[in-house]
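The values are calculated or read from the model by the stated rules, or taken from the named source; none is laboratory data. Since the structure is predicted, the reported quantities are computational estimates derived from the model, not experimental observations. In this analysis, Cβ positions are derived from the backbone assuming ideal geometry, glycine residues included, and neighbour counts consider all displayed protein chains. Ligands, DNA and RNA are stripped out before the accessible areas are found, and what is left, the full protein with its side chains, is counted by its heavy atoms. Shrake-Rupley method; radii C 1.70, N 1.55, O 1.52, S 1.80 Å.
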Amino acid sequence: MTRDTGKKEIYLDHAATTGVKQEVLEEMMPYFSLRYGNPSSIYKLGRESRQAIDMARERTALALGVSPSEVFFTGSGTESLNWAIKGAAEANSSKGKHIITSNIEHHAVLHTCLYLQKKGYDVTFLPVDRNGLLTAEQVFKAIRKDTILITVMTANNEIGTIQPVAEIGAIAKEHGILFHTDAVQAIGNIPINLKTLPVDMLSLSAHKFYGPKGAGVLYLRKGSRITDILQGGGQEKGRRPGTENVPAIAGLGKAIELASQNIEKYNAHMLNLRNKLIDKVLAAIPYTRLNGDREKRLPGNANFSFEFIEGESLLLLLDMKGISASSGSACTSGSLDPSHVLLAIGLPHEIAHGSLRVTFGETNTEDDIDALTEALIFSVGKLREMSPLYENAAKNI
Amino acid sequence: MYSDKVMDHFMNPRNVGEIPDADGVGQVGNPKCGDIMKMYLKINDGIIVDAKFKTFGCGAAVATSSISTELIVGKTVEEALKITNKAVADALDGLPPAKMHCSNLAEEAIRAAIEDYRSKNPGK
């Protein structure tokens, strides 16, 4: 099956991952084989690696508006999330065993909470509304005497909805409950300043903002009680021991610095593309809906459901046109159920199966929107032509 | 990863459509699971002379529908009933393990269409 050749490849899956920026790569390169020293070693070669980590920590702290001593490097967003949630649960179990979260969290949060449930913790999964939003009031009402942790994502990875984290954090603070937010999708896409945002813990991942894979951060506000994730040497103050991944950490530092410097311009660029795409697609293709709140969503995220078709088929057809995107259909998740996020906002299974997530990045242009819309008109049309559901719907009109 | 043959049948599905005066029509699957296959058969003297399908589903579901219509045209009803899900998958040079249920669906669709034919034509 030949893909359309000669056409530009259009990458529209930046929420999945992004490519490492040239400046970031240059920051990383010396630490693979030239400056390979162990940061724990006292001689020059070791000190050079130590300096790279210190620099990355300072850059991260500056970007987030926190103190460098509150920044802990991990191996991924998933690791940070696991650490925050399990660590908080374990450290505070004498106070209580109740955790509050939402029903549209990333699997790294949901599955960690389910794991804790099996270990005797009680978890409240607050339901979002049809637009994929939670209210601070819902969180307030769910608080009990034994609540020890609230964890709510800043922005959703599938439908991009942005939760009222500042309000939820304020409520948590009032009640003396630890508040963690999964900001993996948010960092680099929307401005976040922890100087003013009442958050005790925040997780992020470098590869979502043009940094390398395998590098994450857990921000831990001074005084937040959580257990260490591993036992070992003294790295990361002994809280996340293990010889540091120096090139990845150096890359993370540079990437978050660039992301925070460029955020306004980047934000505006993506907002423009996203709004144009949504208008265009909804106008061009009937039986299409936008999933997630139209306004309170990440600037680069659009998530559609095309009725009567299945998402994986759509991705295959788009791929043939050189377009990369993602879907919440069961066939792409490897399970029998479509995305838990799309079901949580009330989509029937068959409509959830026909979803498409488009996430823009720096190099996308308005031409990409035209190319995608054209490809969607063709692909959705082709799949509907062969869909018995479309045939039934047409008869009922 | 799909085989080239799966991709070929997905991109250029054979026999998509309906047969208005079909002798047997079978629909299997469930929109909840993301797979529905509808099979139309034209049968003369116990021989399947034409088959068409409509499918809502993933790449593998479309490809198995397409290859199934190719496998059964020209066969007797009895021969068509003997086509197994494995035969469907083999004809596509295999399916990823997670997609094997799609080949079951094709087998079931053939069976459902033939049952419909038989219920309308008792004794055949």
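Checked against (1) assigned to a helix (DSSP H, G or I); (2) open to solvent by less than 20 Å² (accessible area, probe 1.4 Å), A:Gly188 passes all but a single condition, namely (1).
Taking the stretch A:27-49 as the range and being among the charged types (D, E, K, R) and within 29 Å of the chain's Cα centre (by Cα) as the test, only A:Glu27 passes. Looking at the stretch A:1-111, the helices (runs of 4 or more DSSP H) lying wholly inside it that each contain 3 or more residues that are buried (at least 18 other Cβ atoms within 10 Å of the Cβ) sit at A:22-28, A:44-64, A:77-91.
Here is a yes/no grid of residues against (1) open to solvent by 20 Å² or more (accessible area, probe 1.4 Å); (2) out of contact with any Pro (no Cβ under 6 Å at 6 or more places or on another chain); (3) charged (D, E, K, R); (4) at pLDDT 95 or above:
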{"site": "A:Lys173", "(1), (2), (3), (4)": "yes, no, yes, yes"}
{"site": "A:Ala183", "(1), (2), (3), (4)": "no, yes, no, yes"}
{"site": "A:Gly211", "(1), (2), (3), (4)": "no, yes, no, yes"}
{"site": "A:Leu220", "(1), (2), (3), (4)": "no, yes, no, yes"}
{"site": "A:Gln235", "(1), (2), (3), (4)": "yes, no, no, yes"}
{"site": "A:Arg239", "(1), (2), (3), (4)": "yes, yes, yes, yes"}
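For the stretch A:288-301, the criterion of a residue being within 14 Å of chain B (Cβ to nearest Cβ), among the small types (Gly, Ala, Ser) and either open to solvent by 10 Å² or more (accessible area, probe 1.4 Å) or not in a strand (DSSP E or B) (or both) is satisfied by no position.
Residues that are among the hydrophobic types (A, V, I, L, M, F, W, C), within 14 Å of another protein chain (Cβ to nearest Cβ) and open to solvent by 10 Å² or more (accessible area, probe 1.4 Å) number at least 1 in the following helices (runs of 4 or more DSSP H) confined to the stretch B:25-124: B:100-120. May I ask you to list the residues in the stretch A:376-397 that are touching a residue at least 60 places away in the same chain (Cβ under 8 Å) and facing chain B (nearest Cβ under 10 Å)? Selection gives A:Lys382, A:Leu383, A:Arg384, A:Ser387, A:Leu389, A:Tyr390. Here A:Pro198 passes the criteria (1) more than 17 Å from the chain's Cα centre (by Cα); (2) part of a helix (DSSP H, G or I) except the one numbered (2).
Residue-level analysis places B:Ala22 outside the set of residues that are over 25 Å from A:Ser339 (Cα atoms) and part of a strand (DSSP E or B).
Which one of these is over 25 Å from A:Val109 (Cβ atoms), away from chain B (no Cβ under 13 Å) and open to solvent by 10 Å² or more (accessible area, probe 1.4 Å): A:Ala344, A:Ala371? Criteria check complete, one pass: A:Ala371. Scanning the stretch A:379-392 for residues that are open to solvent by less than 20 Å² (accessible area, probe 1.4 Å) and part of a helix (DSSP H, G or I) yields a count of 6. Checked against (1) touching a helix residue (DSSP H, G or I) at 6+ places or on another chain (Cβ under 7 Å); (2) away from chain B (no Cβ under 14 Å), A:Ser313 passes all but a single condition, namely (2).
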